[in-house]
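The values are calculated or read from the model by the stated rules, or taken from the named source; none is laboratory data. What you see is a predicted model, and the numbers here were worked out from it, not measured in a lab. For neighbour counting, all protein chains shown are included, and Cβ atoms are generated from backbone atoms with ideal geometry for every residue, glycine included.
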Amino acid sequence: MNKQALIEEIEKQYYIIGKPVERIDAKPKVTGEAIYGYDLVFPKMLYGKIKHSSIPHGIIKRIDTSKAESLPGVRAVITGKDIPDHRYGLVLFDRYLIAKDRVRFIGEAVAAVAADTPEIAEKAVNLIEVEYEELPAVFDPEEAIKQDAPILHPDLRKYGTSKVSAPWIPFDMPNLNNYRRVVFGNVEESFKKSDVIVENIYETSMVQHAHLEPQSCVCIYNYDDTFTVYTSTQTPFRLRFELSLALNVPENRIRVVSPYVGGGFGNKLTIYAEPIACILSKKTRRPVKIVLTREEVFTFTTVRPPTRIYVKDGASRDGKILARQVRFYINGGAYSGGSGIAVYTYLAAQALATYKPESVKFEAFSIYTNLPPQGPLRGVGPAILDFAFERQMDILAKKLGLDPIEIRLRNISKQGEENIYGEIVDEDYSKVLLTAYDALMKKIKESNEEPTHPWKRGIGYALSSKYSLAPTASSATVKLREDGVIEVFIGSTEIGMGNYTAMQQIVAEEFQIPMERVSIAAAADTEFSPFDEAQMSSRTTVSLGNALVLACRKLKRKIAEYAANKLNEDPDHLEVKEGFVVSKRNPDKKIRLEDLFARGKIRTGTFLEGEGELIASANWFIQAGIDKETGRIYDKYGNKVFERVVNFYTPTGVASEVWVNVETGHIKVKRLVTVVDAGKVINPKLVEGQIIGGSAMGISIALFEGLQWQNGYALNPNFADYKLIQHADLPEIIAIATETPLPHGPFGARGVGEAGLLVSDAIPNAVSNAIGKEVKKIPLMPEYILKLLAE
Amino acid sequence: MSKKQIKLIVNGKEEIIEVNPYESLLKVLREYLGLTGAKRGCDYGGCGVCTVVVNGKAVYSCMYPAIKAEGKEITTVEGLYKNGKLHPVQKAFIDANTVQCGYSIPGAIMSAYALLLNNPNPSDEDIKEAFSGNLCRCSAGYYWPEAIKLAIKYMKQRES
Amino acid sequence: MHYELKDYIKPKTLEEALKLLHDYKGAAKIIAGGTVIHELSERNLLEGVEYFVDIENLGLNYVRIEKDGLHIGATTTFNQIVNNSLFTKPSYYALYLAAKGVSSYQVRNVATIGGSVCSSISFLDVPNALVALNAKAKLVSLNGERIENVENLFLGMLNPNISEDEILTEIILPLEETKTASYYMKLTERAFDYAIVSVGIKVKLNENGYVENIRTVFGNVQPTPYIENKVYEIAKGKYINEDLIKKIMEEIPSVEPIDSINASAWYKKKVLKVLFRDALKETLEMIS
């Protein structure tokens, strides 16, 4: 479709796309009727509990479970001896379900029990005695790559890997477990030409997802040697795959069902207690429920890893970046953490998409340390790297006497041209930035509030984009029900984004029928739902949305063909809309969808003749990849090996006003404008909710959040000391969705689930602007601000 | 340890149950009475998803001993939804766009309900204080004040 | 949960409660609002505890003015203090602010003034404000009763100077005084949060506007509320002006603060001065 035709399609009056339809899950959620994994109860159910390592690194010398086993009410106790004899993982197979011989962080599982009550289970866990021989531990990535550092995984080279996205370890470096490079142009040459060079080191903290529903699962071993797993997950299919690897059971013998999920933000993309509950269930032949405590969520699950970012930029006098050289050290924790090892190494580099320097050399190093494993967290790599890149833009601008908006505009990747990877740019980066700028300036003008001593005002911007991972596939099935309702089968979970509502809207649009004439058939269930990769990476609107559009169009054709006989009309002239099949040339020729069904012969129901169903399925994905050596879609000889690296980018422009108290270091975010390019807004209420929610989390990460450790022990694994933003700390947030159509998005739509998080990259700029000092690490703790001011 | 029989008045109905002396009101509501609207998030009064109303006041049911609640009137989110009709606060929470994953919502609704019970015309500062003990990771409660304002409107409409 | 209970008892009279504590010795623990139980349990401080004695029904929920002072029953909740206009008077305003600033409205609805003292946690606001206000506590046991200055009840973090068979029944504040005001201010990361550090102040000026008495308490600077005597030493008998405030700021804190997860001693020292200055100015404004 050419651009003009596309714009025409976007502009045309939609039936329901773009309307603020009420969420279909709103009512069950406000009445308390929505059932989450945490709420599930089954007959004969036991309660499982995990015993965690109490040291960061060591050899297990002895485990004595006898006291636990003899406690009344205890039904099973398992240790490393009871689990399969191989390591599992999603990308790199580096972990046992329960430590067999060695522990590598304090959260690691060393044993587990199943008991009649949670209280007995907890008591039993405390009765298990573990004797360790402590090993030297390492907690900093750059310490861990030194030649004399303790090696966490001496057998790393022998570990199995996934066939796709396998880690790349091209050289010997202690504890290195994944590496990516991007080489574009020649940075050495470009640095030589540069008029200014700005070189800095940035640091980000360990962030926890802190979804309010802790991981919760009930696992049932069935009489036919299969497992049914009810769990709070973002990805039933991936979970089934990972479980199959962990348990050494074929995928077809595992069924994963996901009820409502109380938030995920990336943390529910891998297995935690599920395989342990499965083994306990097999051993006891009873359902086993394991729910994590808040402390376990903080110390046993994955985290957004702490990172250190070395950036060296060279620019010309007029503000054009000529060379950008980056070394990105990821404090990856003790294991690969599901896809964690891939997203921060492989995909973080996509943060480079926003700007187009003359040359780039980027290297990411994922490194084992004795801390919890890295896992994806909303916005993943770009949210981290853009903090450094956006700081660099401001520092460069200051050095060159340029306006911070101007320097960004001079360096953006331009629509229609290639970005540094070689992908054609579909995104309009200037629009989101300028929209944010205008909206903030207007707000500031309207208000006459001026800071007085000790408060200082600062304005800061960020321009960035969140990629959506590819290739990932979604399938969808739609079916005409005898009452004329279109029934939708999808394998996507509802973790809060409102994707069920958006998907229902897409189907309603395709059939031009009210929302209540579309039904989302069931919760995601690997037994009945079509395949869906995961609810992650801002991908559902585009991938699943496209699959649904395709499936709907197929179904409409099938319905037209079925109705053709009854209406005595050529199917090409029939259209399916508003609950009817109607002839385009003779509107009187029409039939109600439910009237396509014949009444059963002894009148016990209705049916369709022929195939018995009017049902259609479709799948959608986009092919993508990189040449490893260059990190681009071109290899070093200039041959194009892929069309794209990712599915699409969601550009985000942020303008923020902060006030900083120069006596205490406190920061008040006064106003915030977050502009996200949604391509086409399917539901403005849902999009706004995502932008606001991402922005709130972004402020929280910029100002407050950091899971702290001392010698491998968590200092603040609770909500009193790990600070999540509260309602009272929120500023007025102006959420704007611009609409630059994505050519391959459904109705031109992009995903918007993560982009708001990039707010965390604007606030440091505003704070630096206020205090006249360059901040180089987040969170912006008051003490850090005072230290900078004291320098 | 022996179980103790206690009487609670939950959502207007008298309940006689046997509880262990250490058990929290949250556990009793969820596990003995099947009222899973109050959620579990942290167990020590850190997140607010377990908020219920006891004798007109919002409390963390996770740290409220069940036996302490004996004889008291307890309202949970389920108690607001009567005869298939949403309570004005529930309707307001939908209309103000507060719902995402929904896990914080029952607790936040109970904080809002308690606020309006005690203070029908709260100031912005009162609203902030009322939600000071409720976390929300999806939106940090951005829309909650709007929901309070809408709820006040709906309640007035209901009265007139 | 690191404890197991044989019983949860709700005595109806003080005598009954005291007898339970006496009979069960260390196996019984008093519970009021119940908000510190989790913390005690996590630190294994409930080991050996088999009975909770809930003091909610002992009739200790009151606020009354008597000849010797303002008596606040031990089970009076933070929100009952906030909602009682008596505490917005300058002499007691520090307590009002401390109670109002406690994070979590839900905690304010159940946490009690007596419990806040008995838990002995240095970053909690109410005990710090009570020390600033020169509060006394009445403790009763079968052996009799004693009245103590509140500051003498803190031995260390979660370690109160209260014996197993004693019940703190009430807090007694001095009667309202003229030319007197008090204030409580804390520095937090978020709007509603625990204090990084806090300052409680009570000032009494004489007829000529000179300092007759000034009492300053720092919270989360030491493991127990820290009374900063330096302020009194410098300001006694003086008129408080900018120069004097500056002088005090140079001299405080007179003790090296403890480090916390979110703030070092260095930071605490710096901001305590600012916090003190602002709290003092607010206090003086209330007197004039």
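Assorted remarks:
- Candidates C:Gly101, C:Gly144, filtered to the one that is small (Gly, Ala, Ser) and surrounded by fewer than 22 Cβ atoms within 10 Å (Cβ to Cβ): C:Gly144
- Among residues of region C:207-227, those that are hydroxyl-bearing (Ser, Thr, Tyr) and assigned to a loop (DSSP other than H, G, I, E, B), counted: 2
- Residues that are buried (at least 24 other Cβ atoms within 10 Å of the Cβ), within 26 Å of A:Ala388 (Cα to Cα) and of a type in the set (A, V, I, L, M), drawn from region A:273-325: A:Val303, A:Ile309, A:Ala315, A:Ile321, A:Ala323
- Within region A:555-597, if we keep just the residues that are in a helix (DSSP H, G or I) and of a type in the set (Asp, Glu), the residue that is farthest from the chain's Cα centre (by Cα) turns out to be A:Asp595.
- Number of residues in region B:2-16 that are assigned to a loop (DSSP other than H, G, I, E, B) and either in contact (Cβ under 8 Å) with a residue 24 or more places away in the chain or at positive phi (or both) equals 2.
- Of the residues making up region A:182-227, those that are within 13 Å of another protein chain (Cβ to nearest Cβ), part of a loop (DSSP other than H, G, I, E, B) and closer than 18 Å to A:Tyr272 by Cβ are A:Gln208, A:His209, A:Ala210, A:His211, A:Leu212, A:Glu213, A:Pro214, A:Gln215.
- Every residue from region C:77-92 that is crowded, with 22+ Cβ neighbours inside 10 Å and more than 13 Å from chain B (Cβ to nearest Cβ): C:Ile81, C:Phe87, C:Ser91, C:Tyr92
- Selection of strands (runs of 3 or more DSSP E) fully inside region C:111-206 by the criterion of at least 3 residues being among the aromatic types (Phe, Trp, Tyr), free of Cβ contacts under 8 Å to residues at least 40 places away in the same chain and not assigned by TED's automatic domain parsing to the domain that holds C:Ser91 returns nothing.
- Which numbered condition B:Lys128 misses (of (1) facing another protein chain (nearest Cβ under 7 Å); (2) part of a loop (DSSP other than H, G, I, E, B)): (2)
- All strands (runs of 3 or more DSSP E) inside region A:262-350 with 1 or more residues being in contact with a Leu (Cβ under 6 Å, 6 or more places away or on another chain) and closer than 23 Å to A:Thr117 by Cα: A:288-291
- Residue match in region A:107-125 (condition: within 15 Å of A:Pro56 (Cα to Cα), assigned to a loop (DSSP other than H, G, I, E, B) and at pLDDT below 95): yes
- Each residue in region C:71-90 was checked for being closer than 19 Å to C:Glu176 by Cα and under 15 Å from the mean Cα position of the chain (by Cα), and 6 of them qualify.
- In the set (1) under 20 Å from A:Arg240 (Cβ atoms); (2) buried (at least 19 other Cβ atoms within 10 Å of the Cβ), A:Glu509 fails one condition alone, (1).
- Of all residues making up region A:19-49, the number that are more than 8 Å from chain B (Cβ to nearest Cβ), hydrophobic (A, V, I, L, M, F, W, C) and surrounded by 23 or more Cβ atoms within 10 Å (Cβ to Cβ): 1
- Filter pass, A:Val582 being among the hydrophobic types (A, V, I, L, M, F, W, C) and without any contact (Cβ under 8 Å) to a residue 12 or more places away in the chain: yes
- Number of the exception - C:Lys19 against (1) basic (Lys, Arg); (2) in a helix (DSSP H, G or I); (3) under 27 Å from C:Tyr93 (Cα atoms): (3)
- Boolean, A:Glu739 is among the acidic types (Asp, Glu), more than 21 Å from A:Thr293 (Cα to Cα) and within 14 Å of chain B (Cβ to nearest Cβ): no
- Screening region C:222-257 for residues that are of a type in the set (Val, Ile, Thr) and in contact (Cβ under 8 Å) with a residue 60 or more places away in the chain and picking the one that is nearest to the other protein chains (Cβ to nearest Cβ) gives C:Thr224.
- Selection from region A:598-624 of residues that are assigned to a loop (DSSP other than H, G, I, E, B), more than 24 Å from A:Leu544 (Cβ to Cβ) and under 43 Å from the mean Cα position of the chain (by Cα): A:Leu608, A:Glu611, A:Gly612
- For B:Tyr81, the test of being over 26 Å from C:Ile55 (Cα atoms), within 12 Å of chain A (Cβ to nearest Cβ) and surrounded by 18 or more Cβ atoms within 10 Å (Cβ to Cβ) is passed.
- Looking only at region A:54-96, and only at residues there that are among the charged types (D, E, K, R) and assigned to a loop (DSSP other than H, G, I, E, B), the one that is farthest from the chain's Cα centre (by Cα): A:Asp85
- Residue among C:Val217, C:Val221, C:Val199 that alone is β-branched (Val, Ile, Thr), buried (at least 18 other Cβ atoms within 10 Å of the Cβ), closer than 24 Å to A:Glu783 by Cα and out of contact with any Phe, Trp or Tyr (no Cβ under 7 Å at 6 or more places or on another chain): C:Val221
- Residue that is nearest to the chain's Cα centre (by Cα) [pool: residues in region A:443-470 that are within 30 Å of A:Trp620 (Cβ to Cβ), surrounded by 24 or more Cβ atoms within 10 Å (Cβ to Cβ) and of a type in the set (Gly, Ala, Ser)]: A:Ser468
- Residues of region A:618-634 classified as buried (at least 20 other Cβ atoms within 10 Å of the Cβ) and among the aliphatic types (A, V, I, L, M), total: 3
- Count of residues meeting criterion [among the small types (Gly, Ala, Ser), out of contact with any strand residue (DSSP E or B) (no Cβ under 6 Å at 6 or more places or on another chain) and closer than 30 Å to A:Val196 by Cβ] in region A:317-335: 1
- Looking across region B:52-64 at every residue that is crowded, with 22+ Cβ neighbours inside 10 Å, more than 12 Å from chain A (Cβ to nearest Cβ) and in contact (Cβ under 8 Å) with a residue 60 or more places away in the chain, the one that is nearest to B:Leu115 (Cα to Cα) is identified as B:Ala58.
- Residue in region C:44-54 that is facing chain B (nearest Cβ under 8 Å) and closer than 19 Å to C:Phe78 by Cβ present: yes
- C:Lys268, sole failed condition from (1) surrounded by 23 or more Cβ atoms within 10 Å (Cβ to Cβ); (2) within 19 Å of the chain's Cα centre (by Cα); (3) closer than 30 Å to A:Leu724 by Cβ: (2)
- Looking only at region B:40-50, and only at residues there that are touching a Lys or Arg at 6+ places or on another chain (Cβ under 9 Å) and not charged (D, E, K, R), the one that is farthest from the other protein chains (Cβ to nearest Cβ): B:Cys50
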